[in-house]
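Throughout, read-outs are computed from the coordinates displayed, never taken from laboratory work. Bear in mind that the values here come from a model prediction, so they are computed numbers and not experimental data. Don't worry about glycine lacking a Cβ; one is built from the backbone with ideal geometry, like all the others, and counts go over all protein chains shown.
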Amino acid sequence: MEQVLLSEEPLSLPIEVCTECGALVTFHGVVRSKSKNGVVVAIEYSAYRELAYKQMYRIWSEVQEKYGVRLYLAHRVGKLNVGETAMLVAATSEHREEAFSAVMETIDRVKKEVPIWKKEILEDGRSVWI
């Protein structure tokens, strides 16, 4: 099972909790219907795939080692409608603190370090790169 994924297909959570784990923390980043630019009907995600995957894998590896968790990291590319999951992060660990910390750090680092861009498609017909 792939633990780092950059996909045009809808995301699902394939991670299993082992019997030693007391925590499973998940984050589903979904496309919301409003932004400072107006009413959003969809978002189009683009990525420099090779570098994006390399950066995601590096983050995945470093966060797992730092917190001692099992981590799953996935991000969508392409056009997503409101309500669809754009990013999925999950961590299992013996205790909740490490799992929460791992998920939070992964989200923050993906947003800062991975070359994935998004364009909002607005209800009024405009599109805005953000």
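When the Kirkwood radius is taken over all Cα pairs of the chain, what Stokes-Einstein diffusion coefficient follows at 20 °C and 1.002 mPa s, in µm²/s? Reported coefficient: 141 µm²/s.
Within the listed set Val77, Val69, Val41, the residue fluctuating most in the Gaussian network model of the chain (springs between alpha-carbon atoms under 10 angstrom) is Val41. Within segment 94-122, find all residues whose amide N lies under 16 Å from a label point positioned 7 Å from the Cα of Asn37 along Cα-to-beta-carbon. Only 116-122 pass the distance filter.
In order along segment 74-91, the Karplus-derived 3J(HN,Hα) couplings, from 6.51 cos²θ - 1.76 cosθ + 1.60 at θ = phi - 60°, round to 9, 9, 8, 10, x, 8, 10, 7, 3, x, 7, 7, 9, 9, 10, 10, 9, 9 Hz, and Gly and Pro are given as x. Each of Leu24 and Glu2 was given a label point 7 Å from its Cα along the Cα-to-Cβ line. The distance between the two points is 2.2 nm. For the chain, take the longest principal axis of its alpha carbons; what is the angle in degrees between that and the long axis of helix 49-67, to the nearest 10 within 0 to 90? Between the helix axis and the principal axis of the chain, the angle is about 40 degrees. Express the Stokes-Einstein translational diffusion coefficient of segment 67-128 in µm² s⁻¹, to the nearest whole number, given a Kirkwood radius over alpha-carbon pairs, 10 °C and a viscosity of 1.306 mPa s. Calculated translational D: 117 µm²/s. Sites listed here are chymotrypsin sites (Phe, Trp or Tyr not before Pro) in segment 39-130 whose DSSP assignment is loop and whose Cβ has at most 14 other Cβ atoms within 10 Å: Tyr48. Label separation (Ser46 vs Arg96): 4.2 nm, computed from points 7 Å beyond Cα along the C-beta direction.
Farthest toward the positive end of the dipole of the chain, out of Ile43, Ser61, Ser12, is the Cα of Ile43, where the dipole comes from beta carbon charges about the Cα centre.
Among the trypsin sites (Lys or Arg not before Pro) in segment 90-130, those placed in a DSSP loop whose Cβ has at most 12 other Cβ atoms within 10 Å are Arg126. Placing +1 on the Cβ of every Lys and Arg and -1 on the Cβ of every Asp and Glu, with no other charges, gives the chain a dipole of roughly 560 debye about its Cα centre. Between segment 12-61 and segment 66-113, the alpha-carbon centres lie 6 Å apart.
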